[in-house]
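One structure below.
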Amino acid sequence: MRHNAWINPPCPLLPEENRHYDHTDIEELGSERGPLFYETALHYAQSLWREGFPAKSILLINRALSLPLKASEPILAKWPLPYAALVWVMQSRVEGQFIGNPRRHWQHLATRMVEPNKELRTWRAWACWYLAKTVLPEADFPSDQKQIREEQIVEPTHEQIADHLQRLSPANDLEFWQRTLESIQGVKQPLHSRIRRIGPEELPMVQQLGHAIWLAYYPGIISVEQIRYMLSVWYQPGNMAHEMQARDVWYALVEVEERGAVGYISFEKLALEPVLFINKLYLLPEVHGHGLGGLTLRWAEDRARDLRCKLVRLRVNKRNAPAIRAYLRHGFHFTEDVCSDIGSGFVMDDYVMEKEIGGYL
C-alpha cells in the first residue's frame with residue numbers, strides 16, 4: 001500500500017497527519033514519555049485508522065492514555081484526552097476491518113495492569129471499558145466470563161470509575177470521560193420508584209411483564225422455544241398463586257412513578273436453611289441502568305433480615321453477563337455450577353451465587 005493511499009477518511013478527533021506515521025516514529029522517541037510521545041501516538045493512531053486498522057488504532061490511543069500528563073500541558077488543550085476519539089473509532093468502524101473485542105481488551109488491561117502509573121492506568125482502562133460496554137452490543141462483544149468466574153472479577157460501576165478518575169487524574173479525565181458518555185447516552189434522569197408486595201389478584205401483571213421481558217431480553221441467551229416453554233410453566237397465575245400458598249413465596253412489583261410496573265421479584269425462605277432464595281428478578285430492558293436492580297436487591301436483603309436469614313441465594317444463567325455483573329457488584333459470589341433438566345428436552349445451565357448479610361436478629 002502506498003502511504004498516501006488511505007482507505008478510511010480521517011478521524012476528526014485525532015490529529016490530521018501530513019505524512020504517514022508508523023512504529024519507527026515511536027521508536028525514535030526512545031524513552032521520552034511526555035507531550036511529544038502523546039502527540040506522536042495520536043498521529044500514529046490516525047494513520048492506522050486511515051489504513052483500515054481500527055484495532056491497532058485503539059492500541060495506540062491506549063498508549064497515549066498511559067501517560068500521566070498534567071492538565072496544564074499545552075498539548076492537552078490542542079488534543080484533549082482521547083476518550084471521544086475511542087468512541088468515534090468504535091462507532092465508525094468499517095465492516096470487515098478487524099476491531100477485535102475492545103470490551104474484553106480493556107477488561108484484561110484493567111485487571112492485569114503493571115507499573116508505572118498502575119492505578120491511574122487501571123482506572124483509565126476501566127473508563128475505556130465502560131465506553132465500549134455502552135456503545136458495543138454485548139452479544140457481539142462479550143466480556144471474558146471465564147476470567148470473571150475464575151478470578152471473581154467485579155466490573156466497576158459508573159460511580160466507582162468516576163470517583164477514581166476524580167481522585168487519580170492529573171488531567172481532568174472525569175470531565176472528558178463524562179462528556180463523552182453524555183454524548184452517546186444522554187443525561188439519565190432519576191426514576192422515582194417503589195417496590196410493593198402483591199397478592200394473588202395482581203399476578204396477571206407479573207405474567208404480562210414476564211412475557212414482555214423474556215421475549216425482549218433472552219433470545220440469544222436461550223432459544224425462543226425454551227423461553228416460551230419456561231413462560232408457560234412458571235408464569236401461569238394459578239401456578240404462582242399455588243407457590244404463594246404452599247411455600248409462602250413472596251411476589252413484589254417494581255413500580256416507577258407515572259409509568260407503573262416495570263419489573264418484579266419473587267423469593268422464599270428455604271425450609272431447612274436460613275436462606276432467602278430469589279426465584280425471579282426481572283426488569284424491562286428500557287429501565288436497565290437506572291439502579292432499579294440494586295434497589296430491588298437491597299429491598300430483598302432487608303426482607304431476608306426480617307425473616308432471620310443469613311444468606312441470599314439465587315441462580316443465574318451462565319450466559320446472562322449483565323445480570324452476573326450486577327450480582328457481583330452487589331456483593332454476591334459464585335458458589336457452584338448447576339445444570340438442571342426442566343423437562344421437554346430443556347435444561348437450565350446456571351451459576352449459583354450467594355451473599356452473606358448482616359444485621360439479622
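The values are calculated or read from the model by the stated rules, or taken from the named source; none is laboratory data. None of these values were measured; they are calculated from a predicted model. Here Cβ is always computed from backbone atoms with ideal geometry, including for glycine, and neighbour counts include all displayed protein chains. Ligands, DNA and RNA are excluded from the accessible area calculation, which covers all protein heavy atoms including side chains. Shrake-Rupley method; radii C 1.70, N 1.55, O 1.52, S 1.80 Å.
Key figures for this structure:
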{"item": "Single condition LEU59 does not satisfy, out of (1) over 30 Å from ARG325 (Cα atoms); (2) among the aliphatic types (A, V, I, L, M); (3) out of contact with any helix residue (DSSP H, G or I) (no Cβ under 7 Å at 6 or more places or on another chain); (4) modelled with pLDDT of 95 or more", "result": "(1)"}
{"item": "All positions within the stretch 1-35 that are open to solvent by 60 Å² or more (accessible area, probe 1.4 Å) and in contact (Cβ under 8 Å) with a residue 24 or more places away in the chain", "result": "MET1, TRP6, ILE7, PRO9, PRO12, LEU13, GLU16, ARG33"}
{"item": "Count of the stretch 202-227 residues which are surrounded by 13 or more Cβ atoms within 10 Å (Cβ to Cβ) and farther than 28 Å from GLY291 by Cβ", "result": "1"}
{"item": "Any hit, the stretch 41-54, residues being within 20 Å of GLU115 (Cα to Cα) and at pLDDT 95 or above", "result": "yes"}
{"item": "All positions within the stretch 148-201 that are touching a strand residue (DSSP E or B) at 6+ places or on another chain (Cβ under 7 Å), open to solvent by less than 80 Å² (accessible area, probe 1.4 Å) and not small (Gly, Ala, Ser)", "result": "ARG149, GLN152, LEU191, ILE195, ARG196, ILE198"}
{"item": "Residues of the stretch 56-96 that turn out to be touching a residue at least 40 places away in the same chain (Cβ under 8 Å), closer than 17 Å to TRP106 by Cβ and open to solvent by 50 Å² or more (accessible area, probe 1.4 Å), as a count", "result": "2"}
{"item": "Residues being outside any strand (DSSP E or B) and either out of contact with any helix residue (DSSP H, G or I) (no Cβ under 9 Å at 6 or more places or on another chain) or modelled with pLDDT of 95 or more (or both) - total across the stretch 260-285", "result": "5"}
{"item": "Residue under evaluation GLY343, criteria (1) touching a residue at least 60 places away in the same chain (Cβ under 8 Å); (2) open to solvent by 60 Å² or more (accessible area, probe 1.4 Å); (3) at positive phi, criterion not met", "result": "(2)"}
{"item": "Leading residue by the ranking (farthest from PRO204 (Cα to Cα)) among those in the stretch 240-259 that are part of a helix (DSSP H, G or I) and of a type outside the set (A, V, I, L, M, F, W, C)", "result": "ARG247"}
{"item": "Residue among ARG104, ARG50 that is free of Cβ contacts under 8 Å to residues at least 60 places away in the same chain and open to solvent by 60 Å² or more (accessible area, probe 1.4 Å)", "result": "ARG104"}
{"item": "Hits in the stretch 45-95 (condition: acidic (Asp, Glu) and within 28 Å of the chain's Cα centre (by Cα))", "result": "GLU95"}
{"item": "Helices (runs of 4 or more DSSP H) wholly inside the stretch 79-193 containing at least 2 residues that are more than 19 Å from ARG329 (Cβ to Cβ) and among the aliphatic types (A, V, I, L, M)", "result": "83-92, 118-135, 173-185"}
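Yes or no, residue by residue, for (1) open to solvent by 40 Å² or more (accessible area, probe 1.4 Å); (2) in a loop (DSSP other than H, G, I, E, B); (3) under 28 Å from GLU138 (Cα atoms); (4) of a type in the set (Lys, Arg):
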position: GLY289; (1), (2), (3), (4): yes, yes, yes, no
position: GLY294; (1), (2), (3), (4): no, no, yes, no
position: GLU301; (1), (2), (3), (4): no, no, no, no
position: CYS309; (1), (2), (3), (4): no, yes, no, no
position: PRO322; (1), (2), (3), (4): yes, no, yes, no
position: ARG325; (1), (2), (3), (4): no, no, yes, yes
position: GLU336; (1), (2), (3), (4): yes, no, yes, no
position: VAL347; (1), (2), (3), (4): yes, no, yes, no
